[in-house]
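Engineer: Have a look at this one before I ask anything.
Please treat every number below as a calculation from the coordinates, not as lab data. From a predicted model like this one, the values you see are computed outputs, not experimental measurements. In this analysis, Cβ positions are derived from the backbone assuming ideal geometry, glycine residues included, and neighbour counts consider all displayed protein chains.
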Amino acid sequence: MLLTISTTRQPATDRAFLLHKNPGRRHANPGGPRVADFGGRSRRRWSSAGRTALVVSAAAVALVAAGCTSTGSSGSAASSGSPASSASSASSASAAARHPSATPTPSVSAPPLTGKIVGIDPGHNGGNFTDPDAIARQIWNGAEWEACDTTGTTTDGGYTEAQFNFNVAKYLRADLRRDGARVIMTRTSNTGVGPCVNRRAQIINAAHADVAVDIHADGAAASGRGFTILEPVADGPNDAVIAASQRFGGDVRQAMLAETAMPESNYEGSGGIMPRDDLAGLNLTTVPKVLIECGNMRNAVDAGLLVTARFQQQVASALTAAIVRYLRPA
Ligand code: ZN
């Protein structure tokens, strides 16, 4: 027998919120909010224009240094960003003396996420509304059986959570690629059905992502405001990534406060953070991951933010900042 959306999956109720069926399994945040400083750190934003300017600058310096002695060496000096070090003859040494500003050349470093893999799971899917049988199929979430997926919630005005999640994911993907990352998405349109929540975890695990984020918005009581970061609880498959996920969650919290107008949740968790042991995306993950409820779509103030491209871009920017911070070398 199949469950129907109308009886168990009201569009106005988010899946994560719906899973609040056993309050005893939810946990207060034992460590309280974690504090990290985003204020004094400026992120470098990389653009092709900026890189070109640096390379051109390096090439110009190399040409100045090499121009008095030889040709043919400036290309390699420019491309490597290394100082023009071919000054081995007396004449080149003399040239360097006449052009003291020509050395040394500043090095050109890679974008901050070069070589990194990031997983993005935009919750739900726009087509889920059309196929209740498919999304009601039962899957094992690591702790219990649950539905393959749900429709997600909506604002009072009918703006869907699935659309919000997908928009933020697209902005985030662009930001991460700009910063050099390879990005894995669990869905690449907002018109399909699924995939199931366990499959979403598997996709990101199989990619061996360095870090991942599940993007959602909540469907709580209208009085509730703010974002909540849901963190995994050790259950076997995710044991090795609990501490890392908590650290990443703290980074996400600080970045959201710094870069968006959304406050911490005033209705669940502690300081905007809440461990959860009943979600497939967190139970089954083998990579560091959190799920963020970016706000409450049933609250009028939150909804006013959530539906705007500006806020969606700010969330993407905050998540990018958190990911860069989390993955930066120690
Ligand atoms: Zn959701």
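Engineer: For Val301 and Gln138, calculate 0.36 nm times their separation in residues minus their Cα-Cα distance, and state this gained length in nm to one decimal. The partial results should precede the final answer.
Structural biologist: Details: separation 163, 0.36 × 163 = 58.68 nm, distance 3.50 nm.
Net length gain for the segment: 55.2 nm.
Engineer: Rounded, prolate or oblate for segment 131-218? Axes are the square roots of the Cα gyration tensor eigenvalues, ordered a ≥ b ≥ c, and the cut-off for rounded is a/c under 1.5. Numbers along the way, then the final one.
Structural biologist: Values: a/c = 2.25, a/b = 1.20, b/c = 1.87.
Note, shape of segment 131-218 comes out oblate.
Engineer: Rounding to the nearest 20 debye, state how big the charge dipole of segment 110-166 is about its Cα centre with +1 on each Lys and Arg Cβ and -1 on each Asp and Glu Cβ.
Structural biologist: 320
Engineer: While we're on this one: So if each residue of separation counts as 0.36 nm, and I subtract the Cα-Cα distance between Ser189 and Ala261, what length gain in nm does that give? Mind dumping the intermediate values first?
Structural biologist: Working: separation 72, 0.36 × 72 = 25.92 nm, distance 2.74 nm.
Gain on stretching Ser189 to Ala261: 23.2 nm.
Engineer: Using θ = phi - 60° and the Karplus curve 6.51 cos²θ - 1.76 cosθ + 1.60, what whole-Hz ³J(HN,Hα) does each residue of segment 251-261 get, with Gly and Pro shown as x?
Structural biologist: Each residue's phi maps through the Karplus curve to give 5, 5, 4, 5, 5, 5, 5, 7, 10, 10, 8 Hz.
Engineer: Moving on. Modelling each spin label as a point 7 Å along the Cα-to-Cβ direction, I'd like the Ala174/Ala243 distance in nm, to one decimal.
Structural biologist: 3.8
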